[in-house]
Amino acid sequence: MSTAGKVIKCKAAVIWEPKKPFSIVEIEVAPPKAHEVRIKILANGICRSDDHVLTGSVKVNFPIILGHEAVGVVESVGEGVTSVKPGDKVIPHFLPQCGECKACIHPRGNLCKKNDIVKCTGLMADGTTRFSYQGKQIHNCGSTSTFSEYTVVHEDSVAKIDAAAPPEKVCLISCGFSTGYGAVVNSAKVEPGSTCAVFGLGGVGLSVIMGCKVVGASRIIGIDINKDKFPLAKELGATECVNPLDFKKPINEVLFDMTDGEGVDYSFEVIGRPETMSAALASCNMNYGTSVIVGVPPTTAEITFSPSLLFTGRTWKGTVFGGWKSKDSLPRLVSDFMEKKFSLDLLITHTMPFDKINEGFELLRAGKSIRGVLVF
Ligand code: CND
Ligand code: ZN
Ligand code: ZN
C-alpha cells in the first residue's frame with residue numbers, strides 16, 4: 001500500500017536537550033510539501049559534527065533530529081519536484097544547491113544561500129518542520145535529519161546517485177570523505193611534492209591524508225593525541241605521525257624542526273578546536289604556507305592571534321564540505337567510488353544496527369572508531 005501523501009509513523013533518534021543521549025522513539029513524518037522530497041533512509045555514518053551539537057558546542061534549537069551523512073531512497077515527492085522520483089537512490093545533503101544564488105553561480109562558491117548550517121534554525125523554508133512527536137514539533141538539523149527512518153528535505157538538498165551504490169559505504173561521501181578529500185583538491189589545491197600536516201586523524205582527517213596522497217604530496221605528517229590512530233594514517237598515506245603530547249615544545253615548533261625551519265606548505269585543522277586551529281596556522285611556511293580550517297569550531301569560540309602571522313604572506317581559510325557544490329558533485333563522487341578510484345573500506349571500522357546509535361557515538365568519543373555506520 002502506497003504511503004505517498006500520508007503521515008508516516010517511524011523510528012527516529014531524538015535529542016531532547018544538550019548533553020543527553022539519543023532516545024529512540026516513534027515519530028510522525030508529514031508528507032513532503034511543494035518542492036520537497038520524503039526519503040527512506042538506509043544507512044548513516046557517524047560524524048563528529050553531530051557530536052558537537054549533542055555536547056552543546058554548536059548551538060541549535062531542541063528537540064532535534066541529527067544525522068547528515070546518509071543515503072536513502074525517495075519514498076514520495078511534493079508538487080513541482082523534477083530532479084528525483086520515487087525509487088531513486090539519493091543522498092540528502094546539508095548544503096543545498098539552488099543553482100541561482102551568488103554562491104551557487106560563483107565558480108568557487110558552495111555555501112548556497114538556502115543552507116541552514118550557518119543560522120541553524122532547524123526549520124524548513126516555511127518556518128515549520130515535517131517531524132512531530134505526540135503533537136510537538138521536532139527540529140531538523142542542517143536540513144537533513146537522517147537519524148530517522150524517514151526524513152523530508154527540500155529538492156535543492158538532494159542528489160540522485162547510482163542505484164547500484166552500496167548505501168553502507170557511500171554514505172561517507174555525503175560528508176566525511178568528501179569534506180577531507182575536497183579540502184585538499186578544491187580548497188587548498190595542494191601541488192605534487194608539497195609537505196602537508198594534518199591535525200586530527202579521525203574519518204575526516206584521514207580523508208585529507210587520502211587526498212594529499214592522490215595529489216602527490218611528498219611528505220604527509222599526521223598529528224594526533226591518540227597514537228592508536230597512527231597505523232591507519234600510515235596505511236592511508238601519512239609518511240610520519242607525531243603526538244604533540246610527546247614534546248615539551250608547542251607542536252608548531254616541532255613541525256618547524258621537522259622541516260628545516262621552513263614550516264609545512266599546507267596544514268589542515270581537522271579537530272574543531274581554536275588552539276589547534278592557531279597551531280596549524282603557525283605550522284605553515286610564513287610566506288607561502290596555507291592553513292585550512294576543516295574542523296567545526298564551537299559557535300561562540302574566538303581566536304586572538306598576531307597579525308604578523310598573516311602579514312608575511314600566509315593564507316588562512318576554511319572549507320565547508322570540501323568546497324564541493326553538492327548536487328553537481330555527489331553523483332560524480334559516487335561514480336568515482338563505483339569505478340574504484342578510491343576505497344572507503346579502511347575508514348569504516350564499525351557497522352551496526354540503527355538502534356545502537358548511542359554505542360556508536362561512545363566508540364567515536366572514546367577514540368575507538370573511525371567511522372561507525374548505522375544501518376536500518
Ligand atoms: P573525529 O573525532 O573522528 O577525529 C578527531 C581527531 O582529532 C581524533 O582522532 C582525536 O584524537 C584528535 N584530536 C582531538 N584533540 C586533539 C588535539 N588537541 N591535538 C591533536 N589531535 C586531537 O572527528 P571527524 O574526523 O569526524 O571530524 C573532524 C572535524 O571535522 C570535526 O570538528 C567535525 O565536526 C569536522 C567536520 C567538518 C566538516 C566541514 O564541512 N568543514 C564536515 N564534517 C566534519
Ligand atoms: Zn559531517
Ligand atoms: Zn544557491
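If you filter region 306-322 down to residues that are farther than 12 Å from M286 by Cβ and part of a loop (DSSP other than H, G, I, E, B), you find that the one that is farthest from the chain's Cα centre (by Cα) is P307. Of the residues in region 259-282, at least one is touching a Ser or Thr at 6+ places or on another chain (Cβ under 8 Å), under 30 Å from L344 (Cα atoms) and of a type in the set (S, T, Y).
Applying the criterion of being of a type in the set (D, E) and away from ligand 1 (no atom under 16 Å from the Cβ) to the residues of region 63-93, the residue that is surrounded by the fewest Cβ atoms within 10 Å (Cβ to Cβ) is E79.
Among the residues making up region 270-282, those that are under 13 Å from G200 (Cβ atoms) and not aliphatic (A, V, I, L, M) are G272, R273, E275, T276. Of the numbered criteria (1) in contact with a Lys or Arg (Cβ under 7 Å, 6 or more places away or on another chain); (2) over 18 Å from I161 (Cβ atoms), the one L123 fails is (1). Looking across L333, L363, one residue alone is more than 16 Å from ligand 3 (Cβ to nearest atom), more than 17 Å from the chain's Cα centre (by Cα) and in a helix (DSSP H, G or I). It is L363. Quick one: in region 206-234, which of the residues that are in a helix (DSSP H, G or I) and in contact (Cβ under 8 Å) with a residue 60 or more places away in the chain is farthest from the chain's Cα centre (by Cα)? Among those residues, the one meeting the criterion is D228. Across region 1-19, the number of residues qualifying as over 30 Å from R365 (Cα atoms) and in a loop (DSSP other than H, G, I, E, B) comes to 7. Given the condition within 21 Å of L344 (Cβ to Cβ) and in a loop (DSSP other than H, G, I, E, B), answer yes or no: does some residue in region 235-242 qualify? There is at least one residue in region 235-242 that is within 21 Å of L344 (Cβ to Cβ) and in a loop (DSSP other than H, G, I, E, B).
Selection of first residues in region 295-316 that are under 18 Å from T276 (Cβ atoms) and of second residues that are surrounded by 10 or more Cβ atoms within 10 Å (Cβ to Cβ) and basic (K, R), restricted to Cβ pairs under 6 Å at least 6 apart or on distinct chains, gives the following pairs, ordered by first then second residue: T299/K59.
Among the residues examined, V292 qualifies as in a strand (DSSP E or B) and of a type outside the set (S, T, N, Q). For region 336-360, residues that are in a helix (DSSP H, G or I) and either at positive phi or more than 16 Å from ligand 2 (Cβ to nearest atom) (or both) total 10. Of the residues G313, G367, G323, G372, the single one that is of a type in the set (G, A, S) and in contact with a strand residue (DSSP E or B) (Cβ under 7 Å, 6 or more places away or on another chain) is G372.
Scanning region 244-288 for residues that are among the polar types (S, T, N, Q) and either within 16 Å of ligand 3 (Cβ to nearest atom) or in a strand (DSSP E or B) (or both) yields one hit, S267. Meeting the requirement of 2 or more residues that are surrounded by fewer than 24 Cβ atoms within 10 Å (Cβ to Cβ), away from ligand 2 (no atom under 16 Å from the Cβ) and without any contact (Cβ under 8 Å) to a residue 60 or more places away in the chain, the helices (runs of 4 or more DSSP H) wholly within region 102-205 are 102-105. Among the residues in region 288-299, are any away from ligand 1 (no atom under 14 Å from the Cβ) and surrounded by fewer than 20 Cβ atoms within 10 Å (Cβ to Cβ)? Yes: region 288-299 contains one or more residues that are away from ligand 1 (no atom under 14 Å from the Cβ) and surrounded by fewer than 20 Cβ atoms within 10 Å (Cβ to Cβ).
Where a number appears in this text, it was derived from the coordinates with a stated rule and is not lab data. Given the structure is predicted, the values throughout are model-derived calculations rather than measurements. Cβ coordinates were reconstructed from backbone atoms using ideal geometry, including for glycine residues, and neighbour counts include every protein chain displayed.
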